[in-house]
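Derivation of every value follows stated rules applied to the coordinates shown; laboratory data play no part. Computed from a predicted model, the values in this text were never measured in an experiment. Note that each Cβ is placed from the backbone with ideal geometry, even for glycine, and that neighbours are counted across all protein chains shown.
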Amino acid sequence: MVNPLLILAAGLGAAFLLGLLRETSERAAFHTTVGALAVMAFVALSWTVALASGQTDPVEMLTAGAKPPFAINLRTGIAEAALTSVVTLTGLLSAFFMRRDLLRLGRRAMAVLLVLIMALSGLIMTRDLFNMFVFLELIVIATAGLVLLSKDTRALAAGFKYLVVSQVISILLLIGIIFTYHANGSLNIDDISEVPMGANGASLAMFLVLIALILELKPFPANGWALDIYESAHPGFSAIFSAASGSAALFAVYKVLAMAGPDWALLAAGIGIVTFVGANLLALAQTHDRRLLGYSSVGQIGLILLVIGFADRLGDSFLYIAGGLLVSHAIAKAGLFWLSGMVKARDLSDWAALRENPVLVVLFAVFIAMLTGLPPFPAFYAKWSFVHVLATDGAYSLMAVFLIAALIEATVLFRWFGMALKRSSGHSLHISLTGEAIALIAAALAIAVSWVWGNLSGQENLITLVPLLFALLFLPLDILPARIKNVLAIAGLVFWFAVTKNGLDPLRYVFLIIMVLGGAILLLASFHATGRRMGFYTPALLMFAGMGLLVTSETSFQFFAAWEFLTVGSYFLILRGQDSEPHALSYITFSLGGAFALLAGFAIAANGAPTFPIENLSEVPSRIAPYVFVLLAAGFLTKTAVMGLHIWLPGAHAEAETDVSPMVSGILLKAGLFGLFVLLMEMGRQELFGVDLTIVLVWLGALSAFIGAVLSAFQEDAKRLLAYSSISQMGYAVFGLALMNHLGWLLALMFAINHFVYKSMLFLAVGGVKERTHTKLMYKMGGLITLMPFTFVSVLVGIIAMSGVPPLSGFGGRWIFYNAIMSTDLRLPMILIFMAGPVGFLYLFRLIHTIFLGQLKDELRLTKEAPFWILLPQMLFVGFLLSFAILPGMILRRVDSYIGTLFGDTPLVWTGKIVDSQYGTWNPVAIWGVIATVFVVVFILLIWMNHNAQKVKQFNIVFSAERPFKPQTTHFAWNFFAPYRKAMGFLETPVATSFWSGVSNMLHGTADFTRKLYTGNGQTYAVQLLFFVIAVYLIAMGGLS
Amino acid sequence: MTLVQISLATGFALIFLGLYGALSNRNILRMIVSFTIASTGVNLVLVAVGYLPGREAPILDTIPVASAAERITDPVPQALVLTAIVIGLGVTALMLAYAYRLFRARGSLDISDFTELKW
């Protein structure tokens, strides 16, 4: 192994060598620079690998032939080696990225770059306080020099502000160092840490050293200067400033904090969380991409500072957690800055230019996901472990603050991603092969570190999961035609079903059928798509992978990871819809909010256990069990779109593509239901403050069922109607589950199956109509029965099934449902849910009536039947519904006996195909017979009466010679239920929407107001810095004494 | 008051004076001068803290090595001061270069004229 000091020597030596070169030989200078950086990176990486694999031990490097404290010593352990790798690699890649500007400015700029990377590595390795100061000052000078690489003239002012602030910081640091030396007689970090300092006379000195280093991390709100640099500097340099400088400064703080002792940890943690929250909040108001990245960098570094504050408590897992966050931040942030170099204009929506190159879009998605801490990236494992530690310590409020800020951060980033995918940019992309290659290398590194963190996690290594890899396989396959990919996708789903179905209990089996086989059936409709359909299969399969894994998950970690997979996959899928940008954003915001509630719930439940099997939920101590229950239920109810948390659903489901709507409605909603099943099965009834939480669920279910149905009846848009109807249907299922009895559960399961079938069918039918008529507004349709007979049949069968009239399976659902509520004594919600039934009729009637019956519009005269591939799954579903109606026992009987083992009762008696309960008998075959007879009789009657019918010509109407102001208002289908609206319209008051937009406006308002703090004046920034120091000192002293 | 106390007091006075000057003068050149005053103050503090009364300068040419430990003052702060002075020079030079370029860009040396980057 080479001595790690070579990292410093190579940097410094090459910088001096550059001075010997001629002014004109820029190329030779550039090669020297890159060569030196490559040597530095190689040394750092080889030490990282050797130390990680245990081939060598950490090494102490002495200088000047004397031992510390008489000479400076440096150390390379695993953390140091890994961090210098991050620093040198960022430097190397950024050097390539900045090649043109480095050549333009010549060897001096390159020397400065080398000195910066060298100094950052030195700051990481040194164990001497004063040496740290020297390296810091070198960093300051080099940074101020490299800021000038930018062609943006404003960078000049930013660099000067930075110098002003750095002067103040260095004054604080020097005074702190000399008094620390005075108190300890040594400048060696290890010597100082042996003398406990605590809150004695030397504490001010220690405070000054510490705060000066923390200020280098740009803590909120004393960080305006840093944001200005991020905004105006060369993106290649910003990548270094964020990834490399941030990492080095963090490690410096860590070393000093370890030296100062545990008394000071709280200080770091406090500044960390304030910074994380403040920066993410203020980022909400940003429209400038690089400034946004600056806020995000500040926030991430604040988060790691928080973790450093917990270092003592985290023990062995500290390096894992802090490292996971740091490496994710470094790679993602550097990658995003590099990408920003390829985008010409600076508004967030200008990133739409990325769409010219699909590879860049994928890279953008990877970096955003990595930064947000989604699986399988290291930050995901880190957040998981960190939240678990917080929960074990009972630091619940800190955990809540952390998760809320993380949610805001995710919202900011995904809003940006949505803009890039849906907006248009006036500028084309600045194509740069080097830039693209560098970003690709960053993504490859991201995958490599994900594998490492997965391996170390003690949990499943997510990146080696077959379903995930299968979904990712479709990224390179995206050049193939859509149909070939569709065949592959279907085959993959069927295969996965065949592999995983064994050994599941009937309940999970049913969900697996719905989620995986159901997905395969719905993918048949995707054969309709022509061309390549890029960017569809990876998200779709990611979603199905998530659902497949969810059903088979055994531990809370697997469950949560699967949950995140399906959330992210469905987000990308929903985002594909034409006008879905705002809806996809609210979807991901609510979903991630729900996911964080799950994370918190699992973390509290685990109570320090490294792996927590889901079935252990039943053994959670009763002291915390109700809280776990509330958090988990909140997460699941967000997914099932219970009233109040539902506002994301209508837009997301209605604006999605034709074949995506049934996937996210028919299948995805079941994930929430599955979660509730598991939750109630394991935890049962819980009481919080004397309230039985299942009763709360009963109420929520009933309200959702009723209000969802009312809202559905008032929609003009057919897909929105179906979307609101899903809220109502899920309400039924939640209601059934929360009844906590055998029949209620059977009801919920029945609803899960039925809802999948008929909602998929109806969404496909309406989607087919939309494909042909190019509208979703029902008053623009009408009379399509003769033109689209198959679609009509599937809607007819669908609404018969859904409304619960005999003979279709919906009736079975209702029958079980009435039996279930007979056996409970909750009268009021029972009435509500009864009422939801007739209201359901209203919207279903509207659906079939306004689309298929009535007068045909002139412009729709040439409409054809829906495309074959969209019809095919519908016809399969029709066939299924008809047979399921006759033979409900196919599935239900097995599940019924399984639920019987859970509750220990048998309320239903199956004899052949006949089902008996305490209240009555259900004979599906007989019902079929009766209905068929009635139907045939009426049909014959109608045919017989047909000869009497009087033909009415279309357009046989006038408006008294008046041209109506809004022609559509005269259509019968417009405001179809006006009288009902008069009666029940108050239910339409958008209470939930107003509430959530109020929350959003308040956050945006706060952000917009608070960021005025950054006046742009360098002096103001310096004053803020001093006030920050004084404020922190007063608070810290108050805390210590 | 001892020599050490006087120099400490002077050092801190210079630091506060310098900081006050840097934060209250809008002219960039005046700010730079103020910062040099402040760093002079810091250097004075460094020396004062490391000074041992009655000891000599740590130059081993004039003092026999054997008795050096009793006779010389602590050499570490002296080394620190030297380094700090050098670094201070570098930073001051860089700030002056910046001032020059800022003036060339805008024709002004008023710090409050350079606030396009904000919020």
Task: Dipole axis of chain A (+1 Lys, Arg; -1 Asp, Glu on Cβ), positive-most option in A:GLY904, A:LEU390, A:TYR779 - done: A:TYR779
Task: Residue-by-residue Karplus 3J(HN,Hα) for segment A:469-484, coefficients 6.51, -1.76, 1.60, Hz, glycine and proline x - done: 4, 4, 5, 5, 4, 6, 5, x, 6, 5, 6, 6, x, 4, 5, 5
Task: Solution diffusion estimate, µm²/s, Stokes-Einstein, segment A:726-765, Kirkwood Rh from C-alpha pairs, 25 °C, viscosity 0.890 mPa s - done: 241 µm²/s
Open item on the list: I'd like the mean, over residues of A:160-168, of how many other protein chain beta carbons sit within 10 Å of each residue's own Cβ.
Closed with: 6
Task: Within 10 Å of each Cβ in B:29-38, the average number of Cβ atoms from other chains - done: 2
TODO: With label points built 7 Å along Cα→Cβ from the Cα atoms of B:ARG104 and A:LEU504, find their separation and express it in nm.
DONE: 7.1 nm
Open item on the list: At R0 = 41 Å, how high is the FRET efficiency between A:ARG100 and B:TYR20 if r is their beta carbon distance? Nearest 0.05 is fine.
Closed with: 0.40
- [ ] Compute the length gained on full extension between A:ASP579 and A:LEU469: take 0.36 nm times their separation in residues and subtract their Cα-Cα distance, giving the result in nm to one decimal.
- [x] 36.6 nm
Open item on the list: Quick query: amide H of A:MET643 versus all other amide H atoms, modeled in the peptide plane; which residues come in under 5 Å with a sequence gap of 5 or more or a different chain?
Closed with: A:SER704
Open item on the list: Could you give each residue of segment A:104-110 its phi-based ³J(HN,Hα) in whole Hz, using Karplus coefficients 6.51, -1.76, 1.60 with θ = phi - 60°, and x for Gly or Pro?
Closed with: 5, 8, x, 5, 5, 4, 5
Open item on the list: Sort A:390-396, A:930-936, A:117-123 by packing, meaning the average of other beta carbons within 10 Å per residue, with the highest value first.
Closed with: A:117-123, A:390-396, A:930-936
TODO: Take peptide B:42-49, look around each residue's Cβ out to 10 angstrom, count Cβ atoms belonging to other protein chains, and average those counts.
DONE: 4
Task: Chain lengthening between A:LEU480 and A:ASP312 when straightened (0.36 nm per residue, less Cα-Cα) - done: 55.2 nm
TODO: Work out Dmax and Rg for segment A:1-115 from the C-alpha atoms and quote the Rg first, both in angstrom.
DONE: 15.6, 47
Task: Ranked packing of A:286-297, B:34-45, most packed first, by mean Cβ within 10 Å - done: A:286-297, B:34-45
TODO: Might you report the magnitude of the Cβ-based charge dipole of segment A:840-947 about its Cα centre, with Lys and Arg at +1 and Asp and Glu at -1, to the nearest 20 debye?
DONE: 160 debye
- [ ] Report the equivalent ellipsoid semi-axes for chain A in whole Å, largest first, defined as the square roots of five times the eigenvalues of the gyration tensor built from alpha carbon atoms.
- [x] 60, 31, 25
Task: For chain A: relative contact order, % (alpha-carbon pairs under 8 angstrom, 6 or more apart) - done: 9 percent
Open item on the list: I need two numbers for segment A:722-863: Rg to one decimal and Dmax as a whole number, Cα atoms only, in Å.
Closed with: 16.8, 55
- [ ] Pop out the ³J(HN,Hα) list for segment A:987-1004 in order, Karplus 6.51 cos²θ - 1.76 cosθ + 1.60 with θ = phi - 60°, rounded to Hz; leave Gly and Pro as x.
- [x] 5, 7, 3, x, 5, 5, 4, 4, 4, 5, 6, x, 4, 5, 5, 4, 4, 5
Open item on the list: With Kirkwood's inverse mean 1/r over C-alpha pairs for Rh, give me the Rg to Rh ratio of segment A:283-359, two decimals please.
Closed with: 1.11
TODO: Would you calculate, for chain A, the mean residue ellipticity at 222 nm contributed by helices, counting each DSSP H stretch of 4 or more residues as -39,500 (n - 2.57) and dividing by all residues, to the nearest 500?
DONE: -23000 deg cm²/dmol
TODO: Please give the calculated 222 nm ellipticity per residue for chain B, where each DSSP H segment of at least 4 residues contributes -39500 (n - 2.57) and the sum is spread over every residue; nearest 500 deg cm²/dmol?
DONE: -23500 deg cm²/dmol
TODO: Evaluate the distance, in nm, between pseudo-label points positioned 7 Å from the Cα of A:LEU856 and of A:THR287 along their respective Cα→Cβ axes.
DONE: 4.9 nm
- [ ] Mind giving me the FRET efficiency for A:ASP916 and A:THR392? R0 is 56 Å, r the Cβ-Cβ distance, nearest 0.05 is fine.
- [x] 0.65
Task: Protection-proxy order for peptides A:410-419, A:523-532, A:87-96, each taking the mean of Cβ atoms within 10 Å per residue, highest first - done: A:87-96, A:410-419, A:523-532
Open item on the list: Given an 8 Å cut-off on Cα distances and at least 6 residues of separation, report the relative contact order of chain B as a percent.
Closed with: 26 percent
Task: Principal semi-axes in Å for chain B [√(5λ), Cα gyration tensor, largest first] - done: 39, 16, 9
TODO: Could you calculate, for segment A:978-1041, the ratio of the Cα radius of gyration to the Kirkwood radius, expressed as Rg to Rh?
DONE: 1.43
Open item on the list: Please report, in whole Å³, the volume per residue of the convex hull around the C-alpha atoms of segment A:804-876.
Closed with: 126 Å³
Task: Dipole moment magnitude, nearest 20 debye, the protein assembly as shown about Cα centre, only Lys, Arg, Asp, Glu C-beta charged - done: 3440 debye
Task: Principal axis dimensions, segment A:465-937 - Cα atoms, whole angstrom, descending - done: 67, 57, 38
Task: FRET efficiency, A:VAL938 to A:PHE972 (Cβ-Cβ, R0 25 Å, nearest 0.05) - done: 0.50
